[in-house]
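The values are calculated or read from the model by the stated rules, or taken from the named source; none is laboratory data. What you see is a predicted model, and the numbers here were worked out from it, not measured in a lab. Glycine gets a Cβ as well: all are built from the backbone with ideal geometry, and neighbour counts include every protein chain shown. Each accessible area value is taken on the protein alone, full model and side chains, heavy atoms only, with ligands, DNA and RNA left out. Shrake-Rupley method; radii C 1.70, N 1.55, O 1.52, S 1.80 Å.
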Amino acid sequence: AQVAVIWPLQLSKIGLDDLRTAMADTASLLDKYKAVETDDPSSSAAFRQKVLSVTPVWEKHEASKSNAGLFKMLAANMPAIKTKTILHGNLGILTACLDATQMQEEQPIQWILTILYDMLREDSSCYSVFEEALRSGVDIYRPLMALISRPSVDAYVADKAAWLLTAVIAHVPSAFDQDSVLHLVAQLLRQSQEPALTKLGALEAVVNLLKCDSFRHVVWEQPGVADRIFSVPTKTLSPILYKCVFAIWMLSFDLDITGQLKVYNVVTKIRDILILCRAEKVVRLCLTVLKNFLSNKVMTEEIVELNVLEAVQALEFEKWRDSELYDEIRDMASLISIQVNEMSNFDRYERELHTGTMTWNHVHTSKFWGENVMKFEQNDYRALKALATLLANTNTDPTTQAVACHDIGEFVALHPMGKKKVAQLGVKERIMELMGSTGDDKREVRREALLCCQKIMLNKWQEVDKVK
C-alpha cells in the first residue's frame, strides 16, 4: 500500500514532456537490440521480445513468491523513467529482483535481467537507483557474480548479468574494491572460454570496466584482457568490431597504456578496419581513436608510416547516410596530412635506413625525392652508400631490396650526378643480378631492379643524345 501511494505522487512530479521523451526512448530501444545482433540468437531483438512476452507467475517460484506483490509493480516495455521512479520509491523491489536471480528456473531470471538492462540502456540517469541501493547496503555484487559463475549458465543470462554488474561498477566505482573487480575479470575471461558468455557479452563487460578511470589500468594489466580485445578479427560482425574499437578508444585515454599498444599492431588494426568495414558507427569511432593517437608521438609515427592517410582519404569516396561523417573524414585526413608533411624529411629517411629494414612508406615517394634528393650529398653521400650496402648484403629481406632499388633509381633520375655516383659504388652490377633473382618472394625485387636499370640506361642514352 505504501508503494501504491508513493508511485502516483512521484509520477506527478515527472511532467508530461518527460513522459513523452521516455516513450520515444522506449520506441528506440528495439533499435539498440538490433544494433547488437550477432550470430548468437539470444542477442537478438526477437529473443528479447520472447523473454518479455511472458510475465513470470511469481507465486509459483519459492524464491519469489514472498515478494510477488513487489514484482508485479514492474512490467515489460515500461518507460525507463517509470521503472526508475518505482525502484527509487521502494528499494525492496530491486533487492527482491537480485535475490530472485538465485532461483534455478531461467525464464524469470531472464525477465528480471532484461527489465533492469533495458532501464539502464534507455536512460543512464537510472544508475542512481543502484547508487542509492549501494549506499543503503544492498549487495549487488554477490548475486550477479554468483549468476555469472553458475555452472552451465544460460548465455543470455550470463551476458546480461555480466553487463549489469560491470556497468554498475563503472558508474559507481567507489562502492567496489580492486580485489572484487579483479575476481570478476578473471571470471569473465574464464566463462568466455567455456563458453557461457558469448564473444560479444565478454567484450561488452570488459569494455564497461575500461570505461572506469579508477579500474582501467588494473583491468588492462590482467592476463587475457589484451587478447580478448585484439584477437577480434577485422572481418567480423560490426557489433563485435565496434566493441573492440570502443575498448581501444578507452585505452587511448591512458598515456601509459597507449605507449604499450604498438606491440599489438593497433594502428594496423584500425587501418584495416577502415579499409574493410562500412558500418558508420565503427568508422566514426576509428576516426576518434586516431585523433587520440595523434597526441602520442609513437602512435603518430605509426599512423604516418603505415599509410593510414590513404585509408582515411578513401573513405570520402564512399556513400554514407550521415553527411556529417564526410566532415569528420576530411578533418582527420587534414590532421594526418600535417603529420605526414612534418615527418616526410631526410632525417626520417636516414633513421629508417639505419635500421637495415625499409618498407613502402611516405619517404619513398616521388614527392619526398623531389624535395630531398640534393640532401643525399650530405656526409659524403652517406645515405647512398648505405643503400648500396643493403643491396650488397645477401641477407637483406626482399622488401628492403625492392625499396632500395626504387630509391637508387630515383636518385639516378633526379640527381645531376646520379649515374656517376652509382657507377662509382658499383651498384649497377648488383641491380642486374637482382633482375635475374628467382622465387615468388622476389617478384617485387625483380620489378624494381628492372625499373632502376631502365632509369640508369635512360640516363646514359640522354648523354649520348647530348653528344650528337
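Only residues in region 56-79 that are farther than 12 Å from LEU94 by Cα count as the first member; pair them with residues that are among the acidic types (Asp, Glu) and assigned to a loop (DSSP other than H, G, I, E, B), Cβ under 8 angstrom, at least 6 apart or cross-chain, and list the lot.
Going by the 8 Å Cβ cut-off, the qualifying pairs are HIS61/GLU105.
Does ASP256 count as among the charged types (D, E, K, R), touching a residue at least 24 places away in the same chain (Cβ under 8 Å) and closer than 23 Å to ASP123 by Cβ?
Values: among the charged types (D, E, K, R): yes; touching a residue at least 24 places away in the same chain (Cβ under 8 Å): yes; closer than 23 Å to ASP123 by Cβ: no.
When the stated conditions are applied, ASP256 does not pass them.
Could you check, for region 240-251, whether at least one of its residues is under 18 Å from ASN296 (Cβ atoms) and open to solvent by 50 Å² or more (accessible area, probe 1.4 Å)? Outline the logic, then answer.
As a first pass, look at region 240-251 and keep what is under 18 Å from ASN296 (Cβ atoms): 245, 247-251.
Next, only the ones that are open to solvent by 50 Å² or more (accessible area, probe 1.4 Å) stay: 249.
Checked region 240-251: at least one residue is under 18 Å from ASN296 (Cβ atoms) and open to solvent by 50 Å² or more (accessible area, probe 1.4 Å).
For region 280-307, which residues satisfy the criterion of being of a type in the set (A, V, I, L, M, F, W, C), modelled with pLDDT under 95 and more than 24 Å from ASP213 (Cα to Cα)?
Result: ILE303, VAL304, LEU306.
Give me the pairs: first residue in region 184-205 and more than 17 Å from PHE230 (Cβ to Cβ) and free of Cβ contacts under 8 Å to residues at least 60 places away in the same chain, second residue open to solvent by less than 20 Å² (accessible area, probe 1.4 Å) and not in a helix (DSSP H, G or I), beta-carbon distance under 8 Å, and six or more apart or on different chains, which are they?
Partner pairs satisfying both residue conditions: GLN191/VAL153; GLN191/LEU197; ALA196/VAL153.
How many residues, within region 167-199, are under 25 Å from LEU237 (Cβ atoms) and open to solvent by less than 10 Å² (accessible area, probe 1.4 Å)? Lay out the reasoning, then the answer.
Going through region 167-199, the residues under 25 Å from LEU237 (Cβ atoms) turn out to be 167, 170, 185, 187-199.
Adding the requirement that they be open to solvent by less than 10 Å² (accessible area, probe 1.4 Å) leaves 167, 185, 188, 191, 197.
Final tally of qualifying residues: 5.
Can you go through LEU203, LEU144, LEU164 and tell me which one is under 25 Å from CYS286 (Cα atoms) and open to solvent by less than 10 Å² (accessible area, probe 1.4 Å)?
On the way: LEU144 fails: under 25 Å from CYS286 (Cα atoms); LEU164 fails: under 25 Å from CYS286 (Cα atoms).
One residue alone meets the criteria, LEU203.
For region 315-353, how many residues are touching a residue at least 12 places away in the same chain (Cβ under 8 Å) and open to solvent by less than 80 Å² (accessible area, probe 1.4 Å)?
Of the residues in region 315-353, 23 are touching a residue at least 12 places away in the same chain (Cβ under 8 Å) and open to solvent by less than 80 Å² (accessible area, probe 1.4 Å).
Answer yes or no as to whether GLN313 is in contact with a helix residue (DSSP H, G or I) (Cβ under 9 Å, 6 or more places away or on another chain) and closer than 13 Å to LEU274 by Cβ. Let's see the steps before the verdict.
Working: in contact with a helix residue (DSSP H, G or I) (Cβ under 9 Å, 6 or more places away or on another chain): yes; closer than 13 Å to LEU274 by Cβ: yes.
In short, yes.
Taking THR101, is it within 13 Å of ALA63 (Cα to Cα) and touching a residue at least 40 places away in the same chain (Cβ under 8 Å)?
Details: within 13 Å of ALA63 (Cα to Cα): yes; touching a residue at least 40 places away in the same chain (Cβ under 8 Å): yes.
When the stated conditions are applied, THR101 passes them.
Looking at region 411-427, is at least one residue under 17 Å from GLU350 (Cα atoms) and open to solvent by 10 Å² or more (accessible area, probe 1.4 Å)? Explain how you work it out, then say what you get.
Of region 411-427, the ones under 17 Å from GLU350 (Cα atoms) are 411.
Among the residues that remain, those that are also open to solvent by 10 Å² or more (accessible area, probe 1.4 Å) are: none.
No, the conditions are met nowhere in region 411-427.
From the list ALA167, ALA205, pick out the single residue that is closer than 19 Å to LEU94 by Cα, at pLDDT 95 or above and out of contact with any strand residue (DSSP E or B) (no Cβ under 8 Å at 6 or more places or on another chain). Before the answer, list the steps.
Details: ALA205 fails: closer than 19 Å to LEU94 by Cα.
Checking each option against the conditions leaves just ALA167.
Just to check your reading of the model, which residue among LEU285, LEU309, LEU274, LEU255 is surrounded by 17 or more Cβ atoms within 10 Å (Cβ to Cβ) and closer than 24 Å to PRO173 by Cβ?
On the way: LEU309 fails: closer than 24 Å to PRO173 by Cβ; LEU274 fails: closer than 24 Å to PRO173 by Cβ; LEU255 fails: surrounded by 17 or more Cβ atoms within 10 Å (Cβ to Cβ).
Being surrounded by 17 or more Cβ atoms within 10 Å (Cβ to Cβ) and closer than 24 Å to PRO173 by Cβ holds for just one of LEU285, LEU309, LEU274, LEU255, which is LEU285.
Does ARG228 fit the bill of being within 22 Å of ILE338 (Cα to Cα) and touching a residue at least 12 places away in the same chain (Cβ under 8 Å)? Write out each step before concluding.
Numbers: within 22 Å of ILE338 (Cα to Cα): no; touching a residue at least 12 places away in the same chain (Cβ under 8 Å): yes.
No.
Return only the number of the condition from (1) of a type outside the set (Val, Ile, Thr); (2) open to solvent by 30 Å² or more (accessible area, probe 1.4 Å); (3) modelled with pLDDT of 95 or more that ALA404 does not satisfy.
Failed condition: (2).
Quick check on LYS375: is it more than 37 Å from the chain's Cα centre (by Cα), open to solvent by 70 Å² or more (accessible area, probe 1.4 Å), closer than 30 Å to ASN296 by Cβ and at pLDDT 90 or above? Break it down into steps so the answer makes sense when it comes.
Values: more than 37 Å from the chain's Cα centre (by Cα): yes; open to solvent by 70 Å² or more (accessible area, probe 1.4 Å): yes; closer than 30 Å to ASN296 by Cβ: yes; at pLDDT 90 or above: yes.
In short, yes.
Anything in region 354-363 that is open to solvent by less than 60 Å² (accessible area, probe 1.4 Å) and either at pLDDT 90 or above or farther than 14 Å from GLU310 by Cβ (or both)? List them, or say none.
From region 354-363, those open to solvent by less than 60 Å² (accessible area, probe 1.4 Å) are 356, 358, 361-363; that's our starting set.
Matches in region 354-363: GLY356, MET358, VAL363.
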